[in-house]
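*Asks:* Quick one: this structure, given as structure tokens, is what I'll be asking you about.
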Amino acid sequence: MSRHLLSIADLTVDEMITFFDTAAEMHDVQRREVKKLPALRGRTIINLFFEDSTRTRSSFEIAGKWLSADTINIAGKGSSASKGESLRDTVQTITAMGVDALVMRHSASGSAHQVSQWVDSVVINAGDGTHEHPTQALLDAYTLQRRLGSLEGRKILLVGDLTHSRVFRSNILCLTALGADVTVVAPPTLMPSGIDTWSREAGFSTSYDLDEELPKAEAVMMLRVQRERMTGGYFPSAREYTVGYGLTRDRLAVLGPDVPICHPGPMNRGLEIAADAADAAQSLVLDQVSAGVAIRMSILYHLLSGDGTSA
Ligand code: NCD
């Protein structure tokens, strides 16, 4: 197993399955009244987030605490980075204190990989620009597997703002490696450039027509419209986006009642997903959040306990 977790591309399928198996055990710990395991006692984990986060940062913090590590949160805005300190100086300063793992989120694609070359600590990518968000993809695949069983040959739709989505990029790598039959759906303006070549090579399909794909879906993952990363007009109006690509109440009716609905959060209710869909019995949105803690416990455990090569 590689020392860091920077990209899904660095993992073998066996390693993914190892993460899932340990996560299932950690999930049981989550249900206990006393949730502490001693596995990472004496280890220090820093969460360094230069971008906003609710679930990723808090679930890493909880995961570390339940494994008895000392976890410390540093927000980019409150650090000396806002005084002009370079990323290199910031991460070298923090890790010089004797830190075992650095969980980082930054708006620059490739930043986690860059940082892993500057520090001795284990680096875990919690989102780098529009590039990757590997722990999110692992928790998504884990959640879907718990619901559907093996993902081999299962038809999974990823729908929404693909251009700006690191979740989509990590999910494509993870889901196709696990054998899923993935179709990505977006308006032409939010379909990443070069996707034709990529989809051919990686073995997934693309579509501009959600209504054609929905009846065939065995699981649907809606992705957030990332307005904060948009510089121009990618669609005429929010209403038009919803009409073409939102999981509306009408589309929910087309979906079988057992077809799971995922969304990594944060959701724009009423834009990419209607409240009826987000709160439907088949919605796995909160299961994803709880799986997020179990998967991150599993990842921290494997990367930080012992030599990082085995359970
Ligand atoms: C995602 C992210 O930050 O990449 N959220 C998350 O981690 N759960 C997706 C998003 O911001 O839309």
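*Asks:* Roughly speaking, what is the stretch gain from Asp70 to Thr197, that is 0.36 nm per residue apart minus the C-alpha to C-alpha distance, in nm to one decimal?
*Replies:* 41.3 nm
*Asks:* Under the rule that an exposed site lies in a DSSP loop and has at most 11 other Cβ atoms within 10 Å, name the longest stretch of the chain with no GluC sites (Glu not before Pro) of that kind, not counting the sites themselves.
*Replies:* Excluding the exposed sites themselves, the longest stretch runs over 153-311.
*Asks:* Size of the dipole of the chain about the Cα centre, Lys and Arg at +1 and Asp and Glu at -1 on the beta carbon, nothing else charged, in debye to 20?
*Replies:* The dipole magnitude comes to about 800 debye.
*Asks:* I've got another one for you. Could you go through region 272-287 in sequence order and give the Karplus-derived ³J(HN,Hα) for each residue, using 6.51 cos²θ - 1.76 cosθ + 1.60 with θ = phi - 60°, rounded to whole Hz, and x for Gly and Pro?
*Replies:* Here the 3J(HN,Hα) series is 8, 9, 6, 4, 4, 6, 4, 9, 5, 4, 7, 6, 9, 4, 7, 4 Hz.
*Asks:* What FRET efficiency comes out for the pair Gln282/Arg3, r = Cβ-Cβ distance, R0 = 30 Å, nearest 0.05?
*Replies:* 0.20
*Asks:* Say a site is exposed when it is one of the trypsin sites (Lys or Arg not before Pro), sits in a DSSP loop, and has at most 10 other Cβ atoms within 10 Å; what is then the longest site-free stretch of the chain?
*Replies:* The longest such stretch corresponds to 33-311.
*Asks:* Considering amide H positions built from the backbone, and no H for Pro or chain starts, which residues 5 or more places from Leu158, or on another chain, come under 5 Å of its amide H?
*Replies:* Placed amide hydrogens put Thr183, Val184, Val185, Met221 under 5 Å from Leu158.
*Asks:* Taking θ as phi - 60°, what are the ³J(HN,Hα) couplings along region 186-201 by the Karplus curve (6.51, -1.76, 1.60), each to the nearest whole Hz, with x for Gly and Pro?
*Replies:* Listing the rounded values in order: 7, x, x, 6, 10, 8, x, 5, x, 5, 4, 5, 4, 5, 5, 5 Hz.
*Asks:* What part of the accessible area of the chain, given as a whole %, is carbon or sulfur when the probe is 1.4 angstrom?
*Replies:* 48
*Asks:* On to the next question. Would region 196-277 count as rounded, prolate or oblate if I go by the C-alpha gyration tensor, calling it rounded below 1.5 in a/c and otherwise prolate when a/b exceeds b/c, oblate otherwise?
*Replies:* Judged from the Cα gyration tensor, region 196-277 comes out oblate (a/c at least 1.5, b/c at or above a/b).
*Asks:* Next up: Quick one: putting +1 on the C-beta of Lys and Arg, -1 on the C-beta of Asp and Glu, what dipole do you get for region 118-235 around its Cα centre, in Debye to the nearest 20?
*Replies:* Roughly 220 debye, rounded to the nearest 20.
*Asks:* While we're looking at this one, here's another question. Over the chain, what is the mean sequence separation of C-alpha contacts under 8 Å (at least six apart), divided by residue count, expressed as relative contact order in percent?
*Replies:* Averaging sequence separation for qualifying contacts and normalising by length gives 20 percent for the chain.
*Asks:* In Å², what does the accessible area per residue of region 1-64 work out to with a 1.4 Å probe?
*Replies:* Per residue, region 1-64 has an accessible area of 50 Å².
*Asks:* Here is a further query. Quick one: Cα centre-to-centre distance for region 39-85 and region 179-251, in angstrom?
*Replies:* 32
*Asks:* For region 78-212, what ratio Rg/Rh do Cα atoms give with a Kirkwood hydrodynamic radius?
*Replies:* Answer for region 78-212: 1.07.
*Asks:* If I take R0 = 25 Å and measure r between the Cβ atoms of Lys77 and Arg269 in this structure, what FRET efficiency does the formula 1/(1 + (r/R0)^6) give, to the nearest 0.05?
*Replies:* Step by step, r from the Cβ atoms, then E = 0.40.
*Asks:* Keeping all protein chains in place, calculate the accessible area per residue for region 196-308 (probe 1.4 angstrom), answer in Å².
*Replies:* Computed with neighbouring chains in place, this is 45 Å² per residue.
*Asks:* Given the rule -39500 (n - 2.57) for each run of at least 4 DSSP H residues, summed and divided by the residues of the chain, what is its mean residue ellipticity at 222 nm, to the nearest 500 deg cm²/dmol?
*Replies:* Helices in the chain give a 222 nm mean residue ellipticity of -11500 deg cm²/dmol.
The values are calculated or read from the model by the stated rules, or taken from the named source; none is laboratory data. Bear in mind the structure is a predicted one, so any value in this text is a computation, not a measurement. Ideal geometry is used to build each Cβ from the backbone, glycine not excepted, and the neighbour counts take in all protein chains shown. Remember, those area values only see protein heavy atoms, side chains included, never the ligands or the DNA or RNA. Shrake-Rupley method; radii C 1.70, N 1.55, O 1.52, S 1.80 Å.
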